[in-house]
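Before any comments, here is the structure.
The values are calculated or read from the model by the stated rules, or taken from the named source; none is laboratory data. Predicted, not measured: the structure shown is a model, and the values here were computed from it. Every residue, glycine among them, receives a Cβ derived from its backbone with ideal geometry; neighbour counts consider all protein chains shown. Note: accessible area is taken over every heavy atom of the protein model, side chains too, but ligands, DNA and RNA are not part of it. Shrake-Rupley method; radii C 1.70, N 1.55, O 1.52, S 1.80 Å.
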Amino acid sequence: MFKRLFSLLLCLVLLGCLVPGLAFAEVDYDEVTIKEGDNVLKLLEANSLSYENEKYVVMVLNRFDRESKMEVLSIGNTIRIPRAPKDIVGSAPHLISNRDQIAYYVIPQSITAGDTLRFIYKLWGLRYDDYAELIKSLNPERNLDLLYVGDLYYLPTTENNLKTNNYTTVMSHIMLEDESVESVYSRYGIDFVNRRDELQRYNPIPFDRFRAGSKLYIPLLWK
């Protein structure tokens, strides 16, 4: 009899410890049913959140591998929206490491008559030389000194307040012993096998040379 009472008491104590943790997990994000006129910007603003700061969190929470998937929301479907900035990591611990950080942003820029890359960066109020090496790695097939009208260049910036909404966020992740490049991309909902060449442009070393401690760059693809 005593053993049964002791077991029951132990269960109650354990349950009391678990309930607060479960309750916390439930408030990391809201499951919002899409209504006519809804968009991600509007839903984030309802929680006093910035689209520019939180869009990658929405992508991770909802397994969106491209930013454009947030532009077309189907009425009646649900979408996960973080409740507060402090919930970013807690909202999706299985998808995003708390050590992952925003490294930079990439703007897809179509060349128009008279453009040079230096001129484009000057218009943005940025120094071209600060980004020159990264521009080369993001555009390996392009001649940076000879631009043709209509060509598309991937231009990096650390500023997210430029006058464009058409850019992708690039995260950085330090590889752990038990991780592979494919497993990290998979957590972000990115198909590594089919996009390997596309993803390689964001990383300065070949994927087969990644080891624990290597820095992996993860573009939240905009197309």
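Select the helices (runs of 4 or more DSSP H) contained entirely in the range 115-223, then report the ones holding at least 2 residues which are over 29 Å from residue 72 (Cα atoms). Break it down into steps so the answer makes sense when it comes.
On the way: elements: 117-123, 132-138, 181-187, 192-200.
In the range 115-223, 117-123, 132-138 are the helices (runs of 4 or more DSSP H) which contain 2 or more residues that are over 29 Å from residue 72 (Cα atoms).
For residue 108, state whether it is at pLDDT below 80 and surrounded by fewer than 18 Cβ atoms within 10 Å (Cβ to Cβ). I'd like the intermediate steps shown before the answer.
Details: at pLDDT below 80: no; surrounded by fewer than 18 Cβ atoms within 10 Å (Cβ to Cβ): yes.
No; evaluated as a whole, the condition is false for this residue.
Between a residue in the range 190-211 that is farther than 18 Å from residue 69 by Cβ and among the aliphatic types (A, V, I, L, M) and any residue that is in a loop (DSSP other than H, G, I, E, B) and at pLDDT 90 or above, which pairs come within a Cβ distance under 8 Å, given they are 6 or more apart or on different chains?
Within 8 Å, the pairs are 205/214.
Quick grid of which residues meet (1) modelled with pLDDT of 75 or more; (2) among the polar types (S, T, N, Q); (3) assigned to a helix (DSSP H, G or I); (4) open to solvent by 60 Å² or more (accessible area, probe 1.4 Å):
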site	(1), (2), (3), (4)
3	no, no, yes, yes
13	no, no, yes, yes
48	yes, yes, no, yes
60	yes, no, yes, no
75	yes, no, no, yes
86	no, no, yes, yes
95	no, no, no, no
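Among what's in the range 163-189 and is at pLDDT below 85 and buried (at least 16 other Cβ atoms within 10 Å of the Cβ), pick the residue that is nearest to residue 122 (Cα to Cα).
167
Pairs please, first residue from the range 27-43 and open to solvent by 50 Å² or more (accessible area, probe 1.4 Å), second anywhere and at pLDDT 90 or above and assigned to a loop (DSSP other than H, G, I, E, B), Cβ atoms under 8 Å, 6+ apart in sequence or on different chains.
33/76; 33/77; 35/75; 36/75
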